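One structure is given below, encoded as structure tokens.
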Amino acid sequence: MTEPVVSRRERKKAATRRAIADAALQLFLERGYDHVSIKDIAETADVSTATVFKHFTGKEALVFDQEESTDAHLAAAVRQRPAGQSVIDALREHVLATWLPIAEHSQTAEFTRLVNTTPALRAYAERMWTRHTDTLSAAIADEYGVDHDNLACTALARFVLEVPALAQRQKDRRAAVGEVFDILANGWQPPGCHDAPRDT
């Protein structure tokens, strides 16, 4: 499949957005979120404050600069999956492809700490989580021809979005992601239920 051609203008726009987001994260990690202003970010990125607001709605959006595309990617993982592939397997591949590189990034621990220790960012993250749940559950519901408020579709969406948090602290994150998706696909079984029975 041929990749879409991106104009020079769009490439420049994306580079500016990336530079602003990188400058913001650097300052937030160094000084703390509450001690950094939009003006500070603009100066570090060598742009005007107007340019910052042209690309981002506010400080919180600067921290989660890639979240705007997350909804579209979640829906695409379901709607554009190969013929014959299950929804759960498509979402398993999506999580492995998109989350694992982030989890292994050198700044992930610092980023997570920044969010967890900043009330405004925690609240923003929770709102995003809710929005992603709505988007993903709607995409799943459409695949099965049911209403968007279908409980089974909403539950699956919520569990899928929790997979990164569940796998984050495991030594083998890839295996952990696989294990959780196996549970979603096959149902929960008590630990050791397939072991040979012990002598009584």
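The values are calculated or read from the model by the stated rules, or taken from the named source; none is laboratory data. Since we're looking at a predicted model, the values are computed, not measured. Cβ sites come from the backbone with ideal geometry, for glycine too, and all protein chains shown count toward neighbours. We work out accessible area using only protein heavy atoms, side chains counted, and drop any ligands, DNA or RNA first. Shrake-Rupley method; radii C 1.70, N 1.55, O 1.52, S 1.80 Å.
Of a type in the set (A, V, I, L, M, F, W, C) and touching a residue at least 24 places away in the same chain (Cβ under 8 Å): is that true of residue 53 in this structure? Step through it out loud before you land on a result.
Details: of a type in the set (A, V, I, L, M, F, W, C): yes; touching a residue at least 24 places away in the same chain (Cβ under 8 Å): no.
Here the answer is no, as residue 53 does not meet what is asked.
Only a single criterion out of (1) in contact with a Cys (Cβ under 9 Å, 6 or more places away or on another chain); (2) part of a helix (DSSP H, G or I) is not satisfied by residue 95, namely (1).
Quick check on residue 173: is it closer than 30 Å to residue 24 by Cβ and at pLDDT 90 or above? Spelling it out, residue 173 is indeed closer than 30 Å to residue 24 by Cβ and at pLDDT 90 or above.
Restricting attention to the stretch 122-133 and to residues that are of a type outside the set (Ser, Thr, Tyr) and within 17 Å of residue 69 (Cβ to Cβ), the residue that is most open to solvent (accessible area, probe 1.4 Å) turns out to be 127. Among the residues of the stretch 140-176, those that are open to solvent by 40 Å² or more (accessible area, probe 1.4 Å), assigned to a helix (DSSP H, G or I) and touching a helix residue (DSSP H, G or I) at 6+ places or on another chain (Cβ under 9 Å) comprise 142, 143, 144, 152, 158, 159, 162, 166, 173, 174, 175.
Contact map, the stretch 23-34: residues that are in contact (Cβ under 8 Å) with a residue 60 or more places away in the chain paired with residues that are among the β-branched types (Val, Ile, Thr), Cβ distance under 6 Å, separation 6+ or inter-chain. Pairs shown: 28/36; 33/118. Under the condition of being within 21 Å of residue 67 (Cβ to Cβ) and without any contact (Cβ under 8 Å) to a residue 60 or more places away in the chain, the residues counted in the stretch 150-173 number 8. Mind checking which residues of the stretch 48-90 are more than 26 Å from residue 13 (Cβ to Cβ), open to solvent by less than 50 Å² (accessible area, probe 1.4 Å) and not in a loop (DSSP other than H, G, I, E, B)? Scanning the stretch 48-90 gives 78, 87, 88, 90. Among the residues that make up the stretch 134-149, is at least one of them in contact with a Ser or Thr (Cβ under 9 Å, 6 or more places away or on another chain) and farther than 24 Å from residue 69 by Cα? No, every residue in the stretch 134-149 fails to be in contact with a Ser or Thr (Cβ under 9 Å, 6 or more places away or on another chain) and farther than 24 Å from residue 69 by Cα. Filtering 104, 93, 110 for residues that are under 12 Å from residue 168 (Cα atoms), open to solvent by 40 Å² or more (accessible area, probe 1.4 Å) and among the acidic types (Asp, Glu) leaves a single hit, 104.
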